[in-house]
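The values are calculated or read from the model by the stated rules, or taken from the named source; none is laboratory data. From a predicted model like this one, the values you see are computed outputs, not experimental measurements. For neighbour counting, all protein chains shown are included, and Cβ atoms are generated from backbone atoms with ideal geometry for every residue, glycine included.
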Amino acid sequence: MKRLLLIFCSALCAAGTLASAQDAARPNVLFIIFDDWGWRDAGAYGSTWVKTPNFDRIAKEGILFKNAYTSNPKCSPCRASILTGRNTWQLEEAVCHGGIFPPKFAVFPDIMQAAGYTIGLTGKGWGPGDFKLEGRTQNPAGPSFDEHKIQPPAKGIGQNDYSKNFEAFLAQRDKGKPFSFWMGFQEPHRAYELDSGTRLGKKLEDVVVPPYFPDTSIVRGDLADYAIEVEYADAHIGKALATLEASGELENTLIIVTSDHGMPFPYVKGQIHEDGFHLPLAMRWGKGIQPGRVVEDFINVRDFAPTFLELAGQKPHSQMTGKSLVNILSSPKSGIIENRDFMLAGKERHDLGRPNDLGYPVRAIRTHEYLYVHNFHPERWPACDPETDFGNCDASPTKELLKALGGTYFEMSLGKRQPDELYRLSDDPSGIRNLANDLAFAPVMAELREKMMAELKAEGDPRALGNGAIFDTYKYLGSRKKGYDTWLQAQDAALTESIKTKAIEVDTKQRARSPKKPRPIP
C-alpha cells in the first residue's frame, strides 16, 4: 500500500513538473492594438513628424512587417477577424460594423484560457456592436480590467490608464501560468480636441499631408491633432514594457503592436484604399525572435489567432482559415520568408446612411505591385449618401473642408466610384491614379480579377458565389429604427461651431493661402 502511494505521489509530482515545464516553455502574449492608426505614421516606417519611440523599439528588437493587412478596414469587422482567425466574409453578422458577434465562432482568448492561460482585456476589445445579444457574458477579447483612470493631456483622449490596468492584471494573475492580455487603445479614434496638436507642441510645417488631401492649414491642424493621440498611446507601450521588465516577463512575452485600420480621415477609414487596410505591425519576443528583422510577406490579421494557439501548444481551431506565423517568427531571415504574395480585402455594411441600410460591397486583391478593387454596386455612395452627411466617414475638419471645396478632392473621398479600380502601387504608393480605363492594363486587371474571384470562391464568400444578398439579411444594430437620427446628431455635434465656420468660410483666396496652394492630383 505504501509502495502504491509512493508511486502515485511520484506520478503526481512528475505530472506537475511536466505541466510547469510546459507553462515555462509557452510564451505570454501581450496584444496591443490602436484604434484608427495609419501604417505610415510611425518612425519605423519613416515618419518624421509622428514620434513613436516605443513602437520603433518593438520593431528594432524584433520584427517590422512591411505588408500587414486587415481584410476589412473598420473596427469591429477587423477585430472579429483577429479573434476568430477568419476573413470577415466568413463571419456572417460579424462582417458588419455595428452588428453582433455570433457565438458559433470560437475566439482565441477562450481557447487559450482553456489551455491554462490567464486572459484579460483593457480598453477596446471587439466592437462596436452587441456581443451579449447572442448570449456572450463578456467581450470576446476577454474579461475587462479598466479600474484605473488617468487625466489625459487633451480632451479628445480617453481616461483609461491602459498601462496601469495591465499592471493590475499582472498583479492578480497566477504567476505559475502564462498569460494572454489584450490592450486596446481607444486612440487615435475621433473626436479630437481642436488644435490640441499645436497646443502640445506640433508644428504645422512639419506635418506631411497625403496626396489625396489639399495641403491647407486646416488639414495640417487636423493631422497634428491625430498625431498627438498616436504619440499618447505609444507612451503606454513604453510603460507596459517597463512593467514586463520589472516582473521578469519581458523576454518570455510575445508582444504584438498593430492597428485595426487606417487613420480616421476621408479616403482612408472604412475604404478599400491602400492606406485604409494596410496596417502597422511589429512583434518582439526576446526568446523567440531574432532582432532587427524586416519581413515583406503579406500578413493578414486572421493569421494572429492560429499563431497564438500554436505557441500555446494548441492546434488551430478547425474554423480558423488564417495561417500561423510561427515559421516566420522563428526564421533568422528578413525579406520574403514564405512567399505570401497577395492579400484579399473587402467590406459589406459599415456605417449608416443609405436607404434600407444597404451596404457598399467591395472585394479587392493586393499584390506587391497592384491593388485591384471591384465595387459591386457603384451606383451607391461609398461613404454613404449626401443626405445623411456621408455617414461612413467620421466627422472632422478635413471632411468639412472637402465638402466646402468640392471638386477633385471631394470626388476622390466622398464621390461615387467606377465599378473597377486598378492602382499600380509600385509608382503610385498612395493609390490615387485609377488605371482601370487604361487599355494597356486590361490584361493585368483581368488576371487579378480572375485570381481574386477564385480565391474568394475557395473561401466560400457568398458574394463571389452569387449569394451576396444574404449580407443584407444579417442582424444589424445600426438601423434608423434603433436611433439613427440621434446617432447622426451626435456625429454632427462632434464638430464644434468653430470647426464648421473655419471650413465653410474657405473661399477662393483662402484656398490659395498657408501653408501652400492645394496641389493638383498627380
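Quick notes on this structure:
- Residues satisfying the stated conditions in the range 364-383, i.e. within 17 Å of H97 (Cβ to Cβ) and in contact with a helix residue (DSSP H, G or I) (Cβ under 6 Å, 6 or more places away or on another chain): A383
- Number of the exception - P306 against (1) within 14 Å of T84 (Cβ to Cβ); (2) of a type outside the set (A, V, I, L, M, F, W, C); (3) surrounded by fewer than 20 Cβ atoms within 10 Å (Cβ to Cβ): (3)
- Residues satisfying the stated conditions in the range 137-151, i.e. within 23 Å of the chain's Cα centre (by Cα) and modelled with pLDDT of 95 or more: N139, P140, A141, G142, P143, S144, F145, D146
- Selection from the range 209-232 of residues that are hydrophobic (A, V, I, L, M, F, W, C) and touching a helix residue (DSSP H, G or I) at 6+ places or on another chain (Cβ under 8 Å): V209, F213, I218, V219, L223, A224, A227, I228
- Selection status of A312, farther than 27 Å from E369 by Cβ and within 21 Å of the chain's Cα centre (by Cα): no
- Subset tally (residues that are out of contact with any Leu (no Cβ under 9 Å at 6 or more places or on another chain), acidic (D, E) and surrounded by 14 or more Cβ atoms within 10 Å (Cβ to Cβ)) for the range 146-163: 1
- Total residues in the range 229-244, condition in contact with a strand residue (DSSP E or B) (Cβ under 8 Å, 6 or more places away or on another chain), within 19 Å of A154 (Cα to Cα) and among the hydrophobic types (A, V, I, L, M, F, W, C): 3
- Subset tally (residues that are outside any loop (DSSP other than H, G, I, E, B) and touching a helix residue (DSSP H, G or I) at 6+ places or on another chain (Cβ under 6 Å)) for the range 310-340: 2
- Helices (runs of 4 or more DSSP H) wholly inside the range 75-173 that include at least 1 residues being free of Cβ contacts under 8 Å to residues at least 40 places away in the same chain: 108-114, 162-172
- If you go through the range 174-188 and pick out every residue that is surrounded by 18 or more Cβ atoms within 10 Å (Cβ to Cβ) and either within 22 Å of G46 (Cα to Cα) or at pLDDT below 95 (or both), you end up with 2.
- Residue match in the range 305-325 (condition: under 27 Å from I157 (Cα atoms), in the same structural domain as I33 (by TED's automatic domain parsing), touching a residue at least 40 places away in the same chain (Cβ under 8 Å) and of a type in the set (F, W, Y)): no
- Selection from the range 419-434 of residues that are under 20 Å from F376 (Cβ atoms) and without any contact (Cβ under 8 Å) to a residue 60 or more places away in the chain: P419, D420, E421, L422, N434
- When Y267, Y232, Y212 are checked against the criterion of being among the aromatic types (F, W, Y) and assigned to a helix (DSSP H, G or I), Y232 stands alone in meeting it.
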